[in-house]
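Heads up, the thing below is written out as structure tokens.
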Amino acid sequence: MPTRRTLRGADRTPLAGEHDVLICGASFAGLAVARELAGSGARVLVIDRYEIGERQTSACGIPTAWLRELDLMGAHRQTFGRLVVHTPHGTSVLELPWTFSTFDYPELCKLLWEQSDAQFEVAKVNGRSGDVVHTDRGDLAASIVVDALGWRRVLGSGYQPPDAPLSRGLEVHPWGAGDELEIWIDRRYVPAGYGWSFPASDEVRVGVGSFDPRFHVKDTTVLLAEDLEREPIRYQGNWIPHKLREATEDGTFFVGDSAGHCLPLTAEGIRTALYFGIACGRELRRVVEGRQSVASALVRYGDFSASHEWKFRWMLETQHLVPRLPPRLLALALRGIRTRRFVDWSFKHYLAIAPPEFARPAPRAPLRRQPVARAAA
Ligand SMILES: Cc1cc2nc3c(=O)[nH]c(=O)nc-3n(C[C@H](O)[C@H](O)[C@H](O)COP(=O)(O)OP(=O)(O)OC[C@H]3O[C@@H](n4cnc5c(N)ncnc54)[C@H](O)[C@@H]3O)c2cc1C
């Protein structure tokens, strides 16, 4: 087991202080919210059970344009212009209309964090009563509370696997190099889901994701790694939500996996965590600048997230459909859709669910900072 960088023993002193915004969770979603509040004058505290960038839980693949728009190319590792899809009945190569890149998780978190001016503390969040968040270092009150804590949705009504709309993913990170972004839709590895190999310059992220939370992916992750002649070392995995949830609940803002913002079918949740994090941060900025109330921000952000519901539903329906297709039919279908026109059309629509242009700075009006009224819980 790796030792995570965190505060231990006597270093876990009680936390105190008044904050306008308390962001719980310092991964993609939480850091994107904090970044959007930079320069607003708000007192923003970000907390996480580990130091920033400490616990990677993903293969860290993202459309390259998102790295560019957020000025995060410093974390970039490798870029791919095509996707190689393997089935038991053949391999299809899809030439993508945009590129996909892998990145280094600690480096990306560091770069995102440097774009914010929030404070950070290590603390484990245990729950919430009204506008008070309970942590293992004491209670914290803030006018605005954001849950970016991942699939557990600690500050709202949580999910309990395996009886919840969660997928499970596990990967290994052997050292080595590769040229292709590859996926396997093959029941040898997983009855419903896919396997992947994402090279990232000096390591390859090889894993299996199952849409069925009851299917254990450990053995088949090892099998895929062995088939690829890669060493099954340096494991990491997590549950992955595949259903959109309410993005606000009892006065709290939920962003990223805590709101089910990970896309069904592809399990791509980094881009969407950043996208909805930016959207949430923009609403909160309007609050701290005195342009709207917390209540209004809750409604506007909740509506924004919900306006994506049909896209998430459509992808979830496809997620249910693909495993039901007989493998030969799936291979035939893949051969049929690899035409340039279809791939361009489908991948452009897919990118448009959370388009990179959204990250471009919103025009800022002059600051009129006022004390922030507490959210009605
Ligand atoms: C194996 C695997 C591979 C994946 N690969 C990709 C990929 O290549 N591309 C992609 O787009 N998506 C991928 N995903 C999905 C992606 O990882 C998630 O959708 C994404 O991490 C969601 O970001 P988030 O910030 O919402 O949550 P997380 O990244 O889960 O962050 C939650 C944060 O909250 C902290 N936290 C949790 N509980 C507490 C607590 N009680 N107290 C304090 N802090 C706490 C955690 O330490 C963490 O920092 C993958 C997922 C898995 C499991």
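The values are calculated or read from the model by the stated rules, or taken from the named source; none is laboratory data. It should be emphasised that the depicted structure is a prediction, and the values quoted were computed from it without experimental measurement. Glycine gets a Cβ as well: all are built from the backbone with ideal geometry, and neighbour counts include every protein chain shown. Side chains are part of the model used for accessible areas, which takes the heavy atoms of the whole protein and leaves out ligands, DNA and RNA. Shrake-Rupley method; radii C 1.70, N 1.55, O 1.52, S 1.80 Å.
Just a few scattered comments:
- Hits in the stretch 42-79 (condition: open to solvent by less than 50 Å² (accessible area, probe 1.4 Å) and either in a helix (DSSP H, G or I) or small (G, A, S) (or both)): A42, G53, S58, A59, G61, T64, A65, W66, L67, A75
- Here R286 clears all of (1) open to solvent by 10 Å² or more (accessible area, probe 1.4 Å); (2) touching a residue at least 24 places away in the same chain (Cβ under 8 Å) except the condition numbered (2).
- Among the residues of the stretch 188-228, the one identified as of a type in the set (A, V, I, L, M), outside any loop (DSSP other than H, G, I, E, B) and under 18 Å from L166 (Cβ atoms) is V208.
- Verdict on F198 being within 13 Å of the ligand (Cβ to nearest atom) and surrounded by 21 or more Cβ atoms within 10 Å (Cβ to Cβ): yes
- Unmet requirement for V84, which otherwise passes all of (1) farther than 15 Å from F28 by Cβ; (2) in a helix (DSSP H, G or I): (2)
- Looking across the stretch 312-340 at every residue that is assigned to a loop (DSSP other than H, G, I, E, B) and open to solvent by 50 Å² or more (accessible area, probe 1.4 Å), the one that is modelled with the lowest pLDDT is identified as R338.
- Checked across the stretch 53-61, the condition of being under 30 Å from D179 (Cβ atoms), within 15 Å of the ligand (Cβ to nearest atom), in contact with a Pro (Cβ under 8 Å, 6 or more places away or on another chain) and at pLDDT 95 or above holds for at least one residue.
- Single condition N126 does not satisfy, out of (1) part of a helix (DSSP H, G or I); (2) open to solvent by 10 Å² or more (accessible area, probe 1.4 Å); (3) in contact with a His (Cβ under 7 Å, 6 or more places away or on another chain): (1)
- Pairs where the first residue, in the stretch 322-345, is farther than 15 Å from T91 by Cβ and the second is open to solvent by less than 40 Å² (accessible area, probe 1.4 Å) and in a helix (DSSP H, G or I), C-beta under 8 Å, 6+ apart: V322/L330
- Within the stretch 100-120, the set of residues being in contact with a strand residue (DSSP E or B) (Cβ under 7 Å, 6 or more places away or on another chain) and open to solvent by 50 Å² or more (accessible area, probe 1.4 Å) comprises just one member, Q119.
- Pairing residues of the stretch 205-228 that are more than 13 Å from W184 (Cβ to Cβ) with residues that are away from the ligand (no atom under 15 Å from the Cβ) and aliphatic (A, V, I, L, M), at Cβ distances under 6 Å and at least 6 apart in sequence or on separate chains, gives F211/A192; D212/A192.
- Restricting the stretch 217-253 to residues that are within 14 Å of the ligand (Cβ to nearest atom) and open to solvent by 60 Å² or more (accessible area, probe 1.4 Å), the residue that is nearest to F276 (Cα to Cα): K243
- Of everything in the stretch 152-194 that is basic (K, R) and farther than 30 Å from A142 by Cα, the residue that is least open to solvent (accessible area, probe 1.4 Å) is R168.
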